[in-house]
Structures are given as structure tokens and as C-alpha cells.
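The values are calculated or read from the model by the stated rules, or taken from the named source; none is laboratory data. Because the structure is a prediction, the values reported are computed rather than measured. Ideal geometry is used to build each Cβ from the backbone, glycine not excepted, and the neighbour counts take in all protein chains shown.
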Amino acid sequence: MRRPRRRLSWYIIWFVILFFALATVLSIVLSLPFWRINGVKVYGANIISEKFVSDMAKPLMGTNIFLVDYSGLKKDLENVSQLKDYGIWRMLPSTIVIRLVERKPFAVVILSGTSVVVDEDGVFLKIREKYPFVSIKDISGLPVVKGVSEKKVKNDCLPDEIAESIKTSVGELSRFLPPSNLQLEMKGGDDVNLLVEDVLRVRFGSVENISRKIAVLEAILPGIGEDWSIVDYVDIRVAASPVVRYHKRKNT
């Protein structure tokens, strides 16, 4: 005797019942306190206070980790100029992970007598008491830049052309001179000078062809020797015709 074939509607009804049963179970499981956010882990915080970043995530505490809205946290992180990038992840069952990519200290710029730490793009990392959540413990290994007009600074960032000149100059010079011994004076785009170890003065003139001029300086230094105090200045404003001027010796 043949079994009667079940109608399609029978399968549909049972599928719907099973779907809602599973959805109900899943909803109950996901709503358990077990999944509520109760912790934050911050990685990559070197100059930025870890607590400062953790506090940004406080409004998310107690939120279901699967339903959390990161938009407010992302907006807060994007307003931190010392950050180059960041990432946010869930760590089940109840932790948020924030990974930071910080801007790195590159130079110390003297503005109106105040030391400002900047990164290679000229972004201010630390100035006076404006950024209490930033701590840069040791700046002794950074080159010093003077002569930048404070009037040219906008939104706590150096103008692109000045930042690029500093980045190129320090980058090239660091190949053969310790950055901590370098002091650049940026009087203008056509008047850049360098003081090495507070002894050797170098005139670069225009930032145009700065890489070539620095290569000339690298070639000249071995000929000067280790006693730079005998040199008044090195002039490489014209890279093809460098000049080394020595101090006049007093007659004895």
C-alpha cells in the first residue's frame, strides 16, 4: 500500500517552526550577560596613554559584543592627530581590542622658544601642555630645527614644503651623521643652514637639490678630518663648487 505523499505546505510549516525555534534559542544565547562588553585591551600605545584610549571605549561597556556600534569610538580615535591608523576587533566573549599605529617622533622644532616634537610629516605630537595624554620621555636623540615661522603653522602641523624639507634633509644626513648631532636652521626656502655637534656650520642655501648637496657634504667630511673646530664653515649652496673656509690662525 503506497504511503500518501506529504504536501509541500507540510514541509514549509515545519521549516518555519524549526527556523523560529532556532532563532529563539540563538537570541536567548546571545542575550546572556556572558556576551556583554566588560573589558578593553589596547596595543601599540607608546607615546599615547593607554588609559586615554581605554576611556574612549567606556560608553560601550555593558553593550552586547555582537550588537556594538563602533561609530562613536572611531570618531574619537580619528580626532587623535598622533595616530596614523587604528583597528578595532572583538575578542569573544566580552573584550574589545584596539590596536594603534602611532606617529613616531622625528624632530624637535623650536617655535617662539617652545620645543615642539613633530613626526616626519610635520604633525605636532607634543607641545606645551596641550596634549596631556602624550608622553615622550626622551627627545635627546632627535635633531633640532630652528627658524620656522609660527605664522606658517596651521592646525598644529608644519606646512607641507617645510615638513618635506626637514624629512629629506634629516633622512639624508642620518646616513652618515647621528640625528642627535644635527641642528637645522630653516630661515626660508632659499636659506637653510646646518650646525653639526654645535661646531661645524654648513650652508645649504636653497632646498632645491638638497639630496645632491648632502651627498657633496658626505664626500667633503673625510677630507676635513676629525677636528671640525678648525673650519669656519662649509658652503655647498652651489653643489658643483663647494667651499670649505678655515679659521685664520693667529700669529704666535
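Quick check on this structure: which one of VAL40, VAL53 is surrounded by 14 or more Cβ atoms within 10 Å (Cβ to Cβ), closer than 30 Å to VAL116 by Cβ and at pLDDT 80 or above?
Numbers: VAL40 fails: closer than 30 Å to VAL116 by Cβ.
Result: VAL53 is the single residue among VAL40, VAL53 that is surrounded by 14 or more Cβ atoms within 10 Å (Cβ to Cβ), closer than 30 Å to VAL116 by Cβ and at pLDDT 80 or above.
For the stretch 38-83, filtered to residues that are touching a residue at least 60 places away in the same chain (Cβ under 8 Å) and hydroxyl-bearing (Ser, Thr, Tyr), the residue that is farthest from GLU102 (Cα to Cα) is SER49. Taking every residue in the stretch 155-169 that is without any contact (Cβ under 8 Å) to a residue 12 or more places away in the chain and under 20 Å from LYS130 (Cβ atoms) and pairing it with any residue that is surrounded by 15 or more Cβ atoms within 10 Å (Cβ to Cβ) and not aromatic (Phe, Trp, Tyr), at least 6 positions away or on another chain, the pairs with Cβ-Cβ distances below 9 Å are ASN155/SER81. The set of residues from the stretch 75-95 being surrounded by 13 or more Cβ atoms within 10 Å (Cβ to Cβ) and assigned to a helix (DSSP H, G or I) comprises ASP76, LEU77. Evaluate the stretch 201-209: report whether one residue or more is buried (at least 18 other Cβ atoms within 10 Å of the Cβ), without any contact (Cβ under 8 Å) to a residue 24 or more places away in the chain and in contact with a strand residue (DSSP E or B) (Cβ under 8 Å, 6 or more places away or on another chain). Within the stretch 201-209 (the criterion being buried (at least 18 other Cβ atoms within 10 Å of the Cβ), without any contact (Cβ under 8 Å) to a residue 24 or more places away in the chain and in contact with a strand residue (DSSP E or B) (Cβ under 8 Å, 6 or more places away or on another chain)), the answer is no, since none of the residues qualifies.
Would you tally the residues in the stretch 96-106 being assigned to a strand (DSSP E or B) and farther than 21 Å from THR63 by Cα?
In the first step, residues of the stretch 96-106 are kept if they are assigned to a strand (DSSP E or B); the result is 96-102.
Pick out the ones that are also farther than 21 Å from THR63 by Cα and you get 100-102.
Qualifying residue count, the stretch 96-106: 3.
Let's see how each residue does on (1) at pLDDT 90 or above; (2) loosely packed, with under 15 Cβ neighbours inside 10 Å; (3) assigned to a loop (DSSP other than H, G, I, E, B); (4) not assigned by TED's automatic domain parsing to the domain that holds GLU218:
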| site | (1), (2), (3), (4) |
| --- | --- |
| SER115 | yes, yes, no, no |
| GLU120 | yes, no, yes, no |
| LYS126 | yes, no, no, no |
| PRO132 | yes, yes, yes, no |
| SER140 | yes, yes, yes, no |
| VAL148 | yes, no, yes, no |
| GLU164 | yes, no, no, no |
| VAL170 | yes, no, no, no |
| PHE176 | yes, yes, yes, no |
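What number of residues within the stretch 98-113 satisfy the criterion of being among the polar types (S, T, N, Q) and either in the same structural domain as GLY87 (by TED's automatic domain parsing) or crowded, with 19+ Cβ neighbours inside 10 Å (or both)? Working first, answer last.
Let us first name the residues in the stretch 98-113 that are among the polar types (S, T, N, Q), namely 112.
Filter again for either in the same structural domain as GLY87 (by TED's automatic domain parsing) or crowded, with 19+ Cβ neighbours inside 10 Å (or both), leaving none.
Residues that pass the stated criteria total 0.
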